[in-house]
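The values are calculated or read from the model by the stated rules, or taken from the named source; none is laboratory data. Everything numeric here is computed off the predicted structure, so don't read it as measured data. All Cβ positions, even for glycine, are placed from backbone atoms using ideal geometry, and neighbour counts span all protein chains on display. Side chains included, ligands, DNA and RNA excluded: accessible areas come from the protein's heavy atoms. Shrake-Rupley method; radii C 1.70, N 1.55, O 1.52, S 1.80 Å.
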Amino acid sequence: MNSNKGPVLITGASRGIGKAIAEVFAKNGYNLYLCCKNSIESLNEFSEKLSTMYKITSHAFQCDVSDENSVISLFISIMDKCGQSPEIVINNAGIAWYGLLTDMTSDEWHKVMSTNLDSVFHVCKNAVPYMVRNGHGKIINISSVWGNVGASCEVAYSASKGGVNSFTKALAKELAPSGIQVNAISCGVIDTEMNRSHLSEENLNELASEIPADRIGTPEEVGEFAVSLASSPSYLTGQIITIDGGWI
Ligand code: NAP
């Protein structure tokens, strides 16, 4: 490792918001640990590009954050390969599921909950002991406005993100005495594949017209905000901070 800031562990960094967060942290001189479940080849290429372009150290790992053993293996690999635990953790990996609750199978429900909520438990459980030992650390959970207010046809997703919000507030209280900061960024509509996979250009334009900022957000804006939150005073903790163009 060089003398840069971090390291920062970002889950779900192969595309969308996680990828943009990784690039903004790299631009700001942070070393990175990036992970994703499926797209490891493109994540490796992206990680190498960031290392060269921004003169940081970046490592890519394959990990299914919904699976406890996979996360345990991730932390073993990080310590074996790099010898330094993450000082900042960004729990970003997540999936959506659209449809009526009555059409959802139990397997689909559990997949949403384990990917969006169990993952945050698995990663924090492994990261926190190092942070406590070091006397500092920062955890940023990427949540959704649907976790604040709920969305029709996204009941499981809303419940998982509501869980992330409560998890954030509770863990912040547990870890404040150890100087560890825990916050969540609650995103409105952000332009990624998650939305483009089920909304047409016309749907997205309609949605944008309902947003006071008159547009949907960019992943880079979430990245910029995550970096500023990572450099905020540790007294700012237990907060669910909404970035939605004034929408909800
Ligand atoms: P995305 O473009 O679909 O990207 C999701 C990322 O998560 C990918 O890198 C994917 O990696 C990874 N991932 C999925 N399941 C995983 C697992 N089990 N283990 C490890 N990595 C996994 O989604 P996005 O829009 O960037 O969303 C990122 C986060 O922001 C999510 O938590 C989402 O709920 C939240 N959010 C998004 C919006 C929005 O409007 N886009 C709004 C509010 C909140 P693979 O390459 O392995 O598939």
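Axis of helix 16-27 versus longest Cα principal axis of the chain: the two differ by about 40°, to the nearest ten degrees. Distance distribution P(r), the range 111-201, all Cα-Cα pairs, bin width 10 angstrom from 0: 16, 44, 27, 11, 2 percent. Cysteine residues of the chain whose C-beta has no other cysteine C-beta under 4.7 angstrom: C36, C82, C124, C153, C187.
Taking all protein chains together, D80, D118, D244 sort by accessible area into D80, D118, D244, largest first [probe 1.4 Å]. Its convex hull of Cα atoms gives the chain a direction-averaged projected area, equal to a quarter of the hull surface, of 12.9 nm². If you take all other residues with their beta carbon under 12 Å from the beta carbon of F167, and give Lys and Arg +1 and Asp and Glu -1, the sum is +2. In the chain, the longest principal axis of the Cα atoms and the axis of helix 40-54 are about 60 degrees apart. With viscosity set to 0.692 mPa s at 37 °C, what whole-number translational diffusion coefficient in µm²/s follows for the range 145-188 from Stokes-Einstein and a Kirkwood radius over Cα pairs? Once the numbers are plugged in, D ends up at 297 µm²/s. Relative to the longest principal axis of the Cα atoms of the chain, helix 155-175 runs at roughly 40 degrees.
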